[in-house]
1. Using DSSP to define loop residues, name the chymotrypsin sites (Phe, Trp or Tyr not before Pro) in the stretch 1-67 whose beta-carbon has at most 14 other beta-carbon atoms within 10 Å.
2. At most 14 other Cβ atoms within 10 Å plus a DSSP loop assignment makes a site exposed; report the longest stretch of the chain without any exposed GluC sites (Glu not before Pro).
3. Here are some values of P(r) over Cα pairs in 10 Å bins from 0, in percent: (i) 8, 23, 19, 17, 18, 12, 3, 0; (ii) 10, 35, 30, 18, 6, 1; (iii) 9, 23, 15, 10, 12, 16, 11, 3, 0, 0. Which one was computed from this structure?
4. If you average the C-alpha positions of the stretch 109-141 and of the stretch 17-81 separately, how far apart do those two centres end up, in angstrom?
5. With the cut-off at 1.5 for a/c, could you classify the stretch 97-156 from its C-alpha gyration tensor as rounded, prolate or oblate?
6. Using 7 Å Cα-to-Cβ label points, what is the Arg29/Glu129 separation (nm, one decimal)?
7. Put +1 on the Cβ of every Lys and Arg and -1 on every Asp and Glu Cβ in the chain; which of Thr24, Ile127, Leu156 then has its Cα farthest towards the positive end of the dipole?
8. If you scale each eigenvalue of the Cα gyration tensor by 5 and take the root, what three semi-axes come out for the stretch 7-89, rounded to whole angstrom and sorted largest first?
Amino acid sequence: MRAVPSFDAFFDANYREVVGLAATLCGRRHVAEELAQEAFVRAYRRWDRIVGFEKPAAWVRRVVVNLAVSSLRRTAAEARALARLRQRRSDVVELTTTDDEFWRAVRALPRRQAQCLALRYYEDRSIDEIADVLAIEEATVRVHLHHGRRALAARLRIEEEDDA
């Protein structure tokens, strides 16, 4: 009959080598430690079953290999997303100080008013387009624009133009 090791003894006997395997696969020590820890947590949760395997250490290593593959895929996807964002960042309009003051005042308005004003004046959307984007009635858009303009005029101390 085979002696059943405790999880602590199993962990102590295998942790260093499992971290080394993970580091070899992913190339970063801190990530390798996280992967190894995750593999051992999974083993701990199922220890009553895994301890009965012929080679429980092989099971943990297989989990680390799978986690490393997932980590590399995730890292590659993140890198692609960041590259796409960097390309878009060049298209972002830089606001002047005056614009910044205006948009700060817009952001201080109630949420729906700010949304309506941003869609109207930043994106140059029509009333019906704003209504579609926000899934509200056109009359509601007009009300939010009206109240938002009045609030902005008061905050920025400017004379309000006609609400045409």
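Laboratory data are not the source of any read-out in this text; all were calculated from the coordinates shown. What you see is a predicted model; the values in this text were computed from it and never measured. Backbone-built Cβ (ideal geometry, glycine too); neighbour counts: all protein chains shown.
1. The qualifying sites are Phe53.
2. 1-53
3. Only one listed value fits the structure, namely (iii).
4. Each part reduced to its Cα centre gives a spacing of 49 Å.
5. Here the stretch 97-156 falls in the prolate category.
6. Result for the modelled spin labels: 5.5 nm.
7. Towards the positive end, the residue furthest out is Thr24.
8. So the equivalent ellipsoid measures 31, 12, 9 Å along its semi-axes.
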